[in-house]
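S.K.: Take this structure first; my questions come after.
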Amino acid sequence: MYLAQATGASIVTDSPARWQEILMAAARSARIPTMAVPELARAIRESVFAFPQTASDVVALASDTSFFGYHQVMRDAFKYVTKRGDRGRKPNVEQGLAGRFTRTHTPAQQSLQKADIPLKQARIAGLFLQGGIQDNTVNRLLLMSSSENHLPNVAMVFHIEPIKVAD
């Protein structure tokens, strides 16, 4: 959380223990956790993701334009979530983000399947909480380090959970 707030990043983990820690931090908040973009979170959670298994395959796919939409959707979701408290809910924007994710996800995953490379399947749970996730200890550490440009919270967190393949 410290690094995410200090750098303006999101958290991505495949560790069940870390995911539980993040969920506990969200639950400790003084307010009731409310999903800022529920349609996008649902679209991501219900999708299956294929992950290349070698660094050389990732590099080879880096220039494939079918993946560019992911970056744009996540960038816009990050901006929306961090400013949502100021502006209130915009259902059209939220539905648009979910729709853009779906329109990006299908061709991107098809591109991976066509690449004929080793892949592992996983699901991703996204946490996009209104007001973000924060921890008082992390905020104290940021203040003690004289950080002036850190985020007040973590806007987006993702948990990658591999799909178990039957033997």
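S.K.: For percent of Cα pairs over 19 Å apart, the choices are [x] 71; [y] 56; [z] 60; which was calculated from the structure?
M.R.: After the calculation, the listed value that fits is [z].
S.K.: Once label points are set 7 Å from the Cα along Cα→Cβ at both Leu143 and Thr13, what is their separation, rounded to one decimal in nm?
M.R.: 2.4 nm
S.K.: Moving on to the next point. Okay, helix-only estimate at 222 nm for the chain: each DSSP H run of n ≥ 4 adds -39500 (n - 2.57), divide by all residues, round to 500 deg cm²/dmol; what do you get?
M.R.: Calculated at 222 nm, the ellipticity per residue is -16000 deg cm²/dmol.
S.K.: Still on this structure, please answer the following. I want the local charge near Val93. Using Cβ-Cβ distances under 11 Å, sum +1 for each Lys or Arg and -1 for each Asp or Glu among the other residues.
M.R.: Overall, the nearby charge balance is +4.
S.K.: Scan the chain and hand back the longest stretch that contains none of the GluC sites (Glu not before Pro) lying in DSSP loops with at most 13 other Cβ atoms within 10 Å.
M.R.: On the way: sites that count: Glu46, Glu148.
Counting at most 13 other Cβ atoms within 10 Å as exposed, the longest clean stretch of the chain is 47-147.
S.K.: Still on this model: For Lys120, go through the lysines and keep the ones whose alpha-carbon is under 24 Å away, minus same-chain ones fewer than eight residues off.
M.R.: Within reach: Lys164.
S.K.: How far apart, in nm, are the 7 Å Cα→Cβ label points at Asp116 and Ser47?
M.R.: Rounded to a tenth, the inter-label distance reads 2.6 nm.
S.K.: Using the number of other C-beta atoms within 10 angstrom as an exposure proxy, rank Tyr80, Tyr70 with the fewest first.
M.R.: Tyr70, Tyr80
S.K.: Which of Leu97, Leu112, Leu40 ends up with the largest GNM mean-square fluctuation for the chain, with Cα atoms connected below 10 Å?
M.R.: Leu112
No lab work stands behind these numbers, since they all come straight from the coordinates. Note that the structure is predicted; figures quoted are calculated from it, not measured. Using ideal geometry, Cβ is built from the backbone for each residue, glycine included, and neighbour counts are taken over all protein chains shown.
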